[in-house]
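S.K.: Quick one: the structure is below, and I'll ask about it shortly.
The values are calculated or read from the model by the stated rules, or taken from the named source; none is laboratory data. Because the structure is a prediction, the values reported are computed rather than measured. Here Cβ is always computed from backbone atoms with ideal geometry, including for glycine, and neighbour counts include all displayed protein chains. Keep in mind that these areas ignore ligands, DNA and RNA; they rest on the heavy atoms of the full protein, side chains included. Shrake-Rupley method; radii C 1.70, N 1.55, O 1.52, S 1.80 Å.
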Amino acid sequence: MSKEIVENIRIIKSRIAHACKKYGRDPNEVKLLLATKTVPADRVAVALLNGETLIAENKVQELKGKYDALESIPHVNHFIGHLQSNKVKDIVKYNVRCLQSLDRLDLAEKLHQRLVLEDKKMDVLIQVNTSDEDSKFGIAPQDTLDLVKHVSKLNTLKIKGLMTIGLLSSEADKVIPCFRMLRRLQQEIRALNLPNVEMNELSMGMSGDLEIAIAEGATMVRVGTAIFGERYYPDSYYWDETIVVS
Ligand SMILES: *Cc1c(COP(=O)(O)O)cnc(C)c1O
């Protein structure tokens with residue numbers, strides 16, 4: 001089992017390296033983030049002990065559940081799932097360094113209040129819904145700049161860039177417009193030089209479409225299945241909390 005994880009990481013890294021070469025990207029500018037939803041802590045630990053450092057959960061419950069087991073192994077926690085406002089204290093408590101799924105102002109304000117209270121700061125990415133699918137979270141592209149401007153006034157939050165899931169399709173011509181839209185938004189916002197806004201990070205691309213994302217400018221790809229294997233729950237369970245899994 002653990003050999004398999006190590007081998008899968010090697011394969012993913014070579015896919016990233018090939019894509020960088022093919023599309024003229026600097027491999028140092030594309031980070032690998034491990035999406036660890038449903039993966040038990042001992043399997044996550046295999047990846048961390050193999051030298052990976054960036055991991056991300058979708059649910060607070062899982063973040064909490066694996067925290068003790070992973071605490072002694074150096075790593076950085078991101079959060080990539082839909083976050084309810086009443087759970088912000090948990091992501092602060094469990095040392096999330098970057099919230100990639102910030103998609104609304106009330107969430108940013110709650111998080112800010114909590115961070116002020118604890119005298120901490122947090123990186124954030126604004127999650128954009130680039131595929132126009134109702135079932136996915138993220139702010140509408142046309143509302144993104146406005147949200148960025150408001151969030152930039154909350155001094156505990158550092159806006160590092162944008163994140164998207166994109167259209168889940170194996171057809172490149174359907175996925176590319178999503179990633180292109182995210183990059184165009186990033187460039188438009190970056191050109192404004194807003195205070196407290198860096199806009200260097202583009203988190204896009206997953207197991208099935210990371211090459212396309214790298215071609216379109218991703219600085220971080222989020223990979224789960226291709227490293228840890230198929231998940232038991234459908235992704236809709238993580239992306240749409242109105243769906244109940246029995
Ligand atoms: C699960 C997940 C991923 C990884 O998806 P895979 O197809 O398993 O690589 C990336 N981003 C988000 C937000 C996820 O929930």
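S.K.: Give me D for the stretch 92-234 in µm² s⁻¹, whole number, from Stokes-Einstein with Rh from the Kirkwood sum over alpha-carbon pairs, 4 °C and 1.567 mPa s.
M.R.: Rounded to a whole number, D works out at 83 µm²/s.
S.K.: I'd like to know how the chain sits against the 2.2 N^0.38 Å rule of thumb: what's its Cα Rg over that expected value? Don't jump to the answer; show the numbers that get you there.
M.R.: On the way: Rg = 17.1 Å, N = 246, 2.2 N^0.38 = 17.8 Å.
Normalised by 2.2 N^0.38 Å, the Cα Rg of the chain equals 0.96.
S.K.: Show me the helices of the chain, taken as full DSSP H stretches, that run 18 Å or more along their long axis by Cα and average -1.0 or above in Kyte-Doolittle hydropathy. Could you put the intermediate results ahead of the total?
M.R.: Working: long enough: 2-22 (30 Å, -0.34); 105-118 (20 Å, -0.04); 172-191 (28 Å, -0.30).
Passing helices, by number: 2-22, 105-118, 172-191.
S.K.: Based only on Cα atoms, what Rg/Rh ratio does the stretch 24-160 have, Rh being taken as Kirkwood's radius?
M.R.: On the way: Rg = 15.4 Å, Rh = 15.8 Å.
Expressed as Rg/Rh, it is 0.98.
S.K.: Hey, any idea what % of the stretch 72-143's accessible area is carbon plus sulfur with a 1.4 Å probe? Each step should come with its number before you reach the end.
M.R.: Values: 1530 of 3370 Å².
Carbon and sulfur together cover 45 percent of it.
S.K.: Still on this model: Taking each pair of distinct Cα atoms in the stretch 167-230 once, what is the resulting Kirkwood hydrodynamic radius in Å? Present the calculation step by step, with values, prior to reporting the outcome.
M.R.: Numbers: mean 1/r = 0.0794 Å⁻¹.
After inverting the pairwise mean of 1/r, the radius is 12.6 Å.
S.K.: Here is a further query. Find which of 83, 54, 27 sits farthest along the positive direction of the dipole of the stretch 1-88, computed with +1 on the beta-carbon of Lys and Arg, -1 on that of Asp and Glu, about the Cα centre.
M.R.: About the Cα centre, the residue reaching furthest to the positive side is 27.
S.K.: Sticking with this structure for a sec: So what is the accessible area of the stretch 94-191 per residue, in Å², with the probe set to 1.4 Å? Could you put the intermediate results ahead of the total?
M.R.: Numbers: 4740 Å² over 98 residues.
Solvent-accessible surface per residue comes out at 48 Å².
S.K.: What is the projected area of the convex hull of the Cα atoms of the stretch 1-80, averaged over all directions, in nm²? Could you put the intermediate results ahead of the total?
M.R.: Values: hull surface 21.6 nm².
About 5.4 nm², averaged over all directions.
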